Every structure is written in structure tokens, then in C-alpha cells.
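In what follows, a single structure is set out as C-alpha cells and then discussed.
The values are calculated or read from the model by the stated rules, or taken from the named source; none is laboratory data. No experiment lies behind these values; they were computed from the predicted model shown. Positions of Cβ are generated from backbone atoms using ideal geometry, with glycine treated the same way; all protein chains shown enter the neighbour counts. Quick note on the areas: whole protein, heavy atoms, side chains included, nothing else; ligands and nucleic acids left out. Shrake-Rupley method; radii C 1.70, N 1.55, O 1.52, S 1.80 Å.
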2 protein chains.
Amino acid sequence: MTERDAVRLEQQLCFALYSASRAMTTCYRPLLEDLGLTYPQYLVMLALLEREPVTVKDLGATLRLDSGTLSPLLKRMAAAGLLTRSRSAVDERSVVVSLTEAGEALRGRIAEVPAGVLAALGSSLEQIVALQADVTAFLARMERAVGE
Amino acid sequence: MTERDAVRLEQQLCFALYSASRAMTTCYRPLLEDLGLTYPQYLVMLALLEREPVTVKDLGATLRLDSGTLSPLLKRMAAAGLLTRSRSAVDERSVVVSLTEAGEALRGRIAEVPAGVLAALGSSLEQIVALQADVTAFLARMERAVGE
DNA sequence: CTCAATTTGGTTGCGCACAACTCAATCGAG
DNA sequence: CTCGATTGAGTTGTGCGCAACCAAATTGAG
């Protein structure tokens, strides 16, 4: 592989992920708009619907986001009435995030989102499952390499 | 596939792309910092080093970014002395972007970036090439589905 | 017990992304 | 040619991401 190819090739992997990620959120946007959620807020809802209550630290580890991103995001979601934040009694450093009734009430509508997105992706379920596995494996190798 | 799986599965494809894309830019960041570039600015440099001069419209089509993103980004790069912007004589609506000598002079150092990133990815070149092809194909299917 | 180091979450500042809008230039139907 | 529609950039406002920094709570070596 020549150096010229390397520039184009390497660009294409990072650029492919960058473009695909943004195109993906564009697919979600109209569906999430009906729920009053942004895409990162949707991810927070998925995390909370699966496990709750949870600390900001754990949420950050799950979503790979730091407090600089999560703090204002959670504040907006709390202002929207979807969740509550409270200091842990056990460890006053920790903030525990819980869904409100209004947040929990979105479960059904959130469960309908993936089917709506699938139609807009233009790929088969098999292709999506396979790609997800490949990207997830790649991400795991990257995180392991960085961790060393 | 149950609806419960669908939520988790679908989440995982979009979330995998979202996480992998961000982890990827994290790999680039320290290398690009030495060049005084952000990751989107690096993509602009790659596009310009491959074809130049180019209009803002064409640059946006290449990078899938609109003027709301590109205008201030290009303004910052112009302020950094990397490129110039000028109205086209043929069509006064268009703005033509060209590299300055300082911008062109970065070609060599930019060409060294991919090799540096490769080391931090933890994946083989074969894995990266294969994943790039899969993600690019997925992106193409998505754009085709949206275009219909 | 004590106090320095660590952990947790928050704030600030900057640079994207993107929607919504404005304006000037160009196009094109009639 | 004319004028309404379209196109290409730019501006504004909002919401991420993330680095850098801060304060408070906790931990742990001595």
C-alpha cells in the first residue's frame, strides 16, 4: 500500500464511521422529535429503562460520556420532567439518576422507535446485525489498545 | 426477535457507530493537535489536498456537511492561514476555497497521521479495510433509502 | 486520627452539527 | 426582458462532546 493510498484508506475508515454515525442520528431525529428527545437523550433513556436508578458515573461509563456532557444533558432532561437527580445518601459525591413516572411512561413509545428507523436504513436486519457485531468488536479492540 | 431484543439490538448498531466514531476521533486528537487541526478540519485538509480549488458547496457534498457547519469552520482555518476563500467570478454566489502555501506545506505531516493512528487502533489493516468497506456500503444503502 | 491524594460531579470555554432563517445572485417560465 | 423560484453562503440559536479546571466528599498511608 502506497502512502497516498494510506491517506485515502485511513480517511475512509474514520470518515465512514463519522458519516455513518451522523446519517444514523439523522434517521432517528424525526422519530425522536415526536418524543421530545435528542439522540443522546434517547440513549440515556434506553440506559435508564434497562437499569435504574444509576449514578452519573455509571451512566458515563455505559455511554462513554463524561460529566461535562452528561451534567447539562441530565439537567435538561430533569427540567423536561423525565428524570430526577439526587445525591446518594451512602456517598455524597455520587448523584443518583432515576426515571420519573413521565419518563417511565415513554417506555412504550421508545420501544417503537427501532422499527421505524429500520425502515429508513435500507439494510436488511441480517446486515445490520452483522455490521453491529463488527463495529462493536472494532470498538472493543480500540478500547483495549488505548487501555494498555 | 422480541420487541425487547429489538430495542437493545437497534440501540447497539446506532450506539456502536456513535461510540466508535467518537473513539476514533479521540485516537486522532493528539496527532492532530500537533498540526493545530481539529478532526473536521483534518477532513477538510484531506479533501483539499486531493482536489483544489473547490467550492463550499462541493466540499459540503463531499463531507456531508452544510454551510452552517462549514462557514465558521473555514473561517477559522482561513484565520489560521491554511486556506483562502473568494467569491467565484463565474457565479458570485459560490465561494471558492484554495489552500495557501502554509496549507499545502502540511501535506507531508498530514500523510504521516494514518500510520500513527493505525498503531492506536489495535486492529489489523485487513480488519480495518474490511470494516471500512462494510460501513461505507451501509452508508450508501442508507443514503439511497433516504433519497427515495 | 490526620492530611494529602483520589474520586465524583459540576462549570466554563471552544468547536462542531444542524435547523431555521436571511440575503444576494442566478435561473427560467412566459 | 421580467419577475417569481431556486441556489449558494452566511448567521443565529440550541445541544452536544470534550478539555481544563474547581469544590466537596471520601479514602488511605502513616
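Remarks
- Inter-residue pairs, beta-carbon under 9 Å, first among the basic types (Lys, Arg) and in region B:58-70, second within 6 Å of DNA strand C (Cβ to nearest atom) and assigned to a helix (DSSP H, G or I), 6+ apart: B:ARG64/A:ARG22
Residues checked against (1) without any contact (Cβ under 8 Å) to a residue 40 or more places away in the chain; (2) surrounded by 13 or more Cβ atoms within 10 Å (Cβ to Cβ):
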| position | (1), (2) |
| --- | --- |
| A:SER98 | no, yes |
| A:GLY103 | no, yes |
| A:GLU126 | yes, no |
| A:THR136 | yes, yes |
| A:VAL146 | yes, yes |
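- For region B:105-120, the set of residues classified as part of a helix (DSSP H, G or I) and in contact (Cβ under 8 Å) with a residue 40 or more places away in the chain consists of B:ARG107, B:ARG109, B:ILE110, B:VAL113, B:GLY116, B:VAL117, B:ALA120, listed by residue number.
- Options B:LEU48, B:LEU59, B:LEU43; residue that is within 12 Å of DNA strand C (Cβ to nearest atom), within 12 Å of the chain's Cα centre (by Cα), surrounded by 15 or more Cβ atoms within 10 Å (Cβ to Cβ) and under 19 Å from A:ALA16 (Cα atoms): B:LEU43
- Of the criteria (1) exposed (fewer than 15 other Cβ atoms within 10 Å of the Cβ); (2) hydrophobic (A, V, I, L, M, F, W, C); (3) not in a loop (DSSP other than H, G, I, E, B), which one A:ALA89 fails: (3)
- Any chance A:PRO114 is open to solvent by 40 Å² or more (accessible area, probe 1.4 Å) and either more than 30 Å from B:SER124 (Cβ to Cβ) or within 18 Å of the chain's Cα centre (by Cα) (or both): no
- Complete set of residues in region A:62-86 that are open to solvent by less than 30 Å² (accessible area, probe 1.4 Å), in contact with a strand residue (DSSP E or B) (Cβ under 8 Å, 6 or more places away or on another chain) and in a helix (DSSP H, G or I): A:LEU74, A:MET77
- Here B:GLY36 fulfils each of the conditions (1) in contact with a Ser or Thr (Cβ under 8 Å, 6 or more places away or on another chain); (2) open to solvent by 50 Å² or more (accessible area, probe 1.4 Å) apart from (1).
- Residue within region B:12-30 that is among the aromatic types (Phe, Trp, Tyr), open to solvent by 20 Å² or more (accessible area, probe 1.4 Å) and at pLDDT 95 or above present: yes
- With respect to the conditions (1) open to solvent by 70 Å² or more (accessible area, probe 1.4 Å); (2) modelled with pLDDT of 95 or more; (3) more than 9 Å from DNA strand C (Cβ to nearest atom); (4) over 30 Å from B:ALA119 (Cβ atoms), B:ARG4 falls short on a single one, namely (2).
- Conditions (1) modelled with pLDDT under 95; (2) among the hydroxyl-bearing types (Ser, Thr, Tyr); (3) part of a helix (DSSP H, G or I); number of the one not met by A:SER123: (3)
- Condition met for A:GLY122 (facing chain B (nearest Cβ under 10 Å), surrounded by 15 or more Cβ atoms within 10 Å (Cβ to Cβ) and over 17 Å from the mean Cα position of the chain (by Cα)): yes
- Answer from A:SER98, A:SER86, A:SER67 - the residue that is more than 14 Å from chain B (Cβ to nearest Cβ), more than 16 Å from DNA strand D (Cβ to nearest atom) and not charged (D, E, K, R): A:SER98
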